[in-house]
1. When the Cα centres of segment 245-269 and segment 286-314 are compared, how far apart do they sit, in Å?
2. Treating only the Cβ atoms of Lys and Arg (+1) and Asp and Glu (-1) as charged, compute the dipole magnitude of segment 253-295 about its Cα centre; round to the nearest 20 debye.
3. With point charges of +1 on the Cβ of Lys and Arg and -1 on the Cβ of Asp and Glu, referenced to the Cα centre of the chain, which listed residue (Gly88, Cys47, Gly184) lies farthest in the positive direction of the dipole?
4. In the chain, what percent of the accessible surface is made up of carbon and sulfur (1.4 Å probe, ligands and nucleic acids excluded)?
5. What's the magnitude of the charge dipole for the chain around its Cα centre, counting Lys and Arg as +1 and Asp and Glu as -1 at the beta-carbon? Answer in Debye, nearest 20.
6. At a Förster radius of 51 Å, what calculated FRET efficiency corresponds to the Cβ-Cβ distance of Glu118 and Arg294, to the nearest 0.05?
7. What ranking do 314-324, 38-48, 20-30 get when scored by the average of other Cβ atoms within 10 Å per residue, highest first?
8. Treating only the Cβ atoms of Lys and Arg (+1) and Asp and Glu (-1) as charged, compute the dipole magnitude of segment 205-328 about its Cα centre; round to the nearest 20 debye.
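The values are calculated or read from the model by the stated rules, or taken from the named source; none is laboratory data. What you see is a predicted model; the values in this text were computed from it and never measured. Every residue, glycine as well, gets a Cβ built from its backbone with ideal geometry; the counts of neighbours run over all protein chains shown. Accessible surface areas use protein heavy atoms only, side chains included; no ligands, DNA or RNA. Shrake-Rupley method; radii C 1.70, N 1.55, O 1.52, S 1.80 Å.
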Amino acid sequence: MSTANLAVTYQDVAAAAKRLEGIARKTPVLTSGQADKQANATVFFKCENFQRVGAFKFRGAYNAISSLSEEQKQQGVVAFSSGNHAQGIALAARMLGVHATIVMPSNAPAMKLAATREYGAEVILYDREREDREVIAARLSSERGCATIPAYDHPDVIAGQGTAAKELFDEVGPLDYLFVCTGGGGLLSGCGIAAAHLSPGCIVIGVEPEAGNDAQRSLRSGEIVHIDVPDTIADGAQTQHIGKLVLPILQAYVKDIITVSDDQLRTQMRFFAERMKIVVEPAGCLAAAAVMHRAFEFDGAKVGVIVSGGNVDMESFGRNIALAKAFS
């Protein structure tokens with residue numbers, strides 16, 4: 001597929017990396033002998049759970065807000081998010097002296113709501129089952145004259161998210177495969193762009209919850225598929241559709257999108273905690289769960305995994321760990 005008319009290029013990712021230098025954390029790449037044995041591959045985990053706000057979302061948020069004109073910054077920004085994008089926008093806005101209004105579901109994890117408020121954002125709650133967050137955000141944008149920064153369907157957001165994969169390739173070199181957690185597709189889009197430029201032979205695979213496979217269906221059908229709010233523990237991937245800018249990028253750079261179950265996510269959370277001593281939220285485990293459950297044929301390969309975030313309240317974490325099975 002031609003890449004000539006795509007909304008984001010590798011040059012945009014490289015520019016975002018310069019903008020984020022010294023601002024975003026260069027997150028660690030971890031390895032595990034046990035993980036390599038389980039996956040029968042050499043696995044590199046890019047741990048965005050150590051990123052500012054505990055997730056990759058800070059990258060795109062900061063890149064997008066810092067790219068606004070001074071006049072736009074004075075008007076403020078509005079965003080909608082279940083948590084991680086909300087926190088990313090809130091912190092980036094505070095750092096750049098911009099007022100942020102975030103539309104969040106009333107049932108968002110308590111720690112994500114609290115953190116978003118603590119970073120200084122104005123939070124407006126909505127009923128996820130009955131109200132449309134995009135309509136609410138559009139109304140606020142119109143009333144206040146502020147810029148809307150969606151969680152994934154925005155060129156500067158996509159470019160910023162792609163810097164996570166750029167850092168991974170810069171550190172470990174070319175990969176045979178790159179598995180990426182997938183919700184709305186912004187991270188997957190940016191990582192696909194980075195992979196195509198820095199490791200052209202790398203096969204890029206997205207991973208989303210079994211209960212919410214809208215991205216998989218969209219990529220395979222060639223048109224955006226809308227679904228109901230998925231019933232999954234991966235709250236960070238409870239998106240109902242991917243973006244208009246996202247789909248053509250996925251078609252150009254992503255081989256396939258596969259799914260994992262909530263039980264597999266729980267098992268992965270337990271593995272990360274027991275074996276690698278890190279806390280990862282369910283959505284952050286998507287890509288790793290696919291690799292560790294050998295959902296793809298990659299024996300002996302060099303495999304990259306984006307661990308997208310670690311924002312999970314301890315009560316929920318404890319419940320999921322209690323239900324988790326060990327790898328067999």
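1. One Cα centre to the other: 10 Å.
2. In total the dipole reaches around 180 debye.
3. Comparing the listed Cα positions along the dipole, Cys47 ranks first.
4. C and S fraction of accessible area: 45 percent.
5. Its charge dipole is roughly 680 debye.
6. 0.80
7. Ranked by mean Cβ neighbours within 10 Å, highest first: 38-48, 20-30, 314-324.
8. 440 debye
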